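Accompanying notes for the structure given below.
Values quoted throughout were computed directly from the atomic coordinates according to the rules given, and no laboratory measurement underlies them. The model shown is predicted, which means the values in this text are computed figures rather than measured ones. Neighbour counts are summed over all protein chains in view; Cβ atoms, including those assigned to glycine, are modelled from backbone coordinates with ideal geometry.
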Amino acid sequence: MKEMSEQDRRNDGDARARRQRIAMCVFRVVALLAGAFWMLVFIAALRTGYLSRIGITVGALLAGSVVASPILGWAGRRRPELICNGVHLGIVALFILSGARTLLWPGDSATWRPYRFDDELAAIEAKRAIPDSENAARRYDAVFAERDEEDEPNFIFSGVTVRDELGSRPWKGDDYPQAAQWLDSQSGQIEKLLEIGRMEKCRWPVQADTYDDYTVAHRKLNHSVKLLWAAGNRDLGEGRITEALEKYFCILRMADHLHQQPSMVDSLTAFGSERFVLQMIRYVLAQSSLSAQNIAEIANRLPPATDPWPQEWETLSEFEKLRYMNLLGRLYEVNDNGAVSFAADFVISPKDRERTGKIPRLYWLMSMPRDPHGVRGMADTYFAEFDAIVRSQGLPPIERHRETTWESWADFAKMACNFYRWGAETLFFNGGDYIKYREARRPAITARRGAWLVLGLRRYRDAHGVWPQTLDAISEDVPAEAFVDPTAGEAFVYALDGDGFKLYSKGINRIDDGGRHGYVKALDKFEDDIPLWPPPPLTEPPDEGSIKKELQDIYGKDYVEATFQDKGSDKR
């Protein structure tokens, strides 16, 4: 009986030991799989360049200890296995304690504010500084302060009137007496804008942070452009060519003032104004009676045919780096004594000081330099990744492709390392956006070069009495760059057309659509040529009958009857 109980105890002990060995083996297998996963994450994080030196050290210890622990256990190296287990458990405990401290002892956030790179901003502004007496921005601010924004009639600033009847063609006051009367009342405002248009330099303060307010009054500038635009077209329609050109040149100067600001928004707005006013200058050159002085002045005032992209990107990238740095500066905070630390609860918008969440400071330490000045190096490294592509002479078309497995894995690793930086780069500083921006500039440079070509054609006609057979005939009167269409990447299309001529770009698709631009419903096709001359015809607004028929084909008769019945009741 006694022997049997001892045997049972031995059997029970052996069974317990066997279960422990099986459990330990399972634990080690799970630990090895987890370690392999974290090792892959760590390698991916290393490749993204997100980890700081401390992050690399901690990540290597964590992933390495989790992988090494089960291997050492199977090799019978019990003590090293325990040390590895202690390392990764200690790291996990450190993160837990750091998170608990952040949640339970947040500190006095009222005495701290988000860190901003004011020294970098001061350096940029110092390069741009000009005397107030030479700064057109000061004059704009004074003129805008006097403007009554309620006195902006819809027939000038809304709807399709400016874009079509008043904006795309010459017109006469007798045809639009209401618009003419209002423009006459704005003669003082127009004269002040013309005076500003004689100033060469313009510097608004830099918008140094993504969440700061725009420093440029775009809405008021846009209304000023429309005002000059409509007034210039009226002058042209009533035979006052010199006065019309003066207003067109003023718009070009206002566009140049925007080009002097280091922002994509400012530059794209400037190019938009340029394209429309250059259309009118091409109209003047092709259709109007001009003196030699008029033609010489147009040549002096046209924007250069050379693409200013290299210099523009130099300025823009420096500005974008500052905004990038200030956005990442949210991860730091500074007090009135100048002490700097990582932010436990960071502020997205410094303007409203709203604190959006609490994050353990240890998390930022894994992927950010301890000194915020190190963010400058991060900005330089990040922008260098796509700088060569953005600067390249032959910019390739933007490819629409499916995301690869590595790109998905890299995004996951970036998000795990520093979700805030990953979000900032994805939403605000995506390299593809700068390529798209450069793509968006191409039609504007096309419009510039088209104006130069029409100028050369006009000079040839004045000298020979006819339009030339080919563009080669005007090579001596036009900058060489003007003959290359940056949108299509090849020569412009030029052909005689009766007593006139056609001049256009084939557009991005490089298909010759005869100078037409827009969707052709009958062909279910979009034609993307950029017409330079003659201007595109004005489109008549569709009548109610055609609208009803089109809607009925799509939605059915009952929907159309109910919709237009409701509109009729609204009018009543």
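Ordered by the number of other Cβ atoms lying within 10 Å of each residue's own Cβ, fewest first, Glu333, Glu120 fall into the sequence Glu120, Glu333. Using the Cβ-Cβ distance between Val26 and Arg370 with R0 set to 60 Å, the FRET efficiency from 1/(1 + (r/R0)^6) comes to roughly 0.90. Karplus-derived 3J(HN,Hα) values for region 321-330, using 6.51 cos²θ - 1.76 cosθ + 1.60 with θ = phi - 60°, are 5, 5, 5, 4, 5, 5, 5, 6, x, 4 Hz; glycine and proline are entered as x. In plain terms, the bigger the Kirkwood radius, the slower the diffusion; for region 190-341, with that radius from Cα pairs, at 20 °C and 1.002 mPa s, Stokes-Einstein puts D at 122 µm²/s. Among residues other than Phe383 with Cβ under 13 Å from its Cβ, the summed charge is -4 (Lys and Arg +1, Asp and Glu -1). For region 246-261, backbone phi angles converted through the Karplus equation (6.51, -1.76, 1.60; θ = phi - 60°) give residue-by-residue couplings of 4, 6, 5, 5, 5, 5, 4, 5, 5, 5, 5, 4, 5, 4, 7, 8 Hz, Gly and Pro being listed as x. Here each label is just a point 7 Å from Cα along the line to Cβ, and for Lys127 and Glu149 those points are 3.3 nm apart. Using the Cβ-Cβ distance between Glu481 and Arg391 with R0 set to 22 Å, the FRET efficiency from 1/(1 + (r/R0)^6) comes to roughly 0.80. Inter-label distance, Lys358 to Ala491: 7.2 nm, where each label sits 7 Å from its Cα along the C-beta direction. Sequence-distant or interchain residues sharing an amide H contact under 5 Å with Asp497, placed H: which? Amide H neighbours of Asp497, under 5 Å, 5+ apart: Lys502.
Phi angles across region 223-236 convert, under the Karplus curve 6.51 cos²θ - 1.76 cosθ + 1.60 with θ = phi - 60°, into 3J(HN,Hα) values of 5, 5, 4, 5, 4, 5, 4, 5, 5, x, 5, 5, 4, 5 Hz, Gly and Pro given as x. Taking amide H atoms as placed 1.01 Å from N in the peptide plane, the amide H of Val340 has no partner under 5 Å among residues 5 or more positions away or on other chains. Residue separation of Ala339 and Arg53 scaled by 0.36 nm, minus their Cα-Cα distance, works out to 100.7 nm of gained length. Remark on Cys202: its backbone amide H falls under 5 Å from those of Ala136, a criterion applied only to residues 5 or more positions apart or on other chains, H modelled at 1.01 Å from N.
If the limit is 31 Å between Cα atoms, which of Lys226/Lys321; Lys220/Lys414; Lys127/Lys220; Lys172/Lys502; Lys321/Lys506; Lys201/Lys506 go over it? Flagged as over cut-off: Lys226/Lys321; Lys220/Lys414; Lys321/Lys506; Lys201/Lys506.
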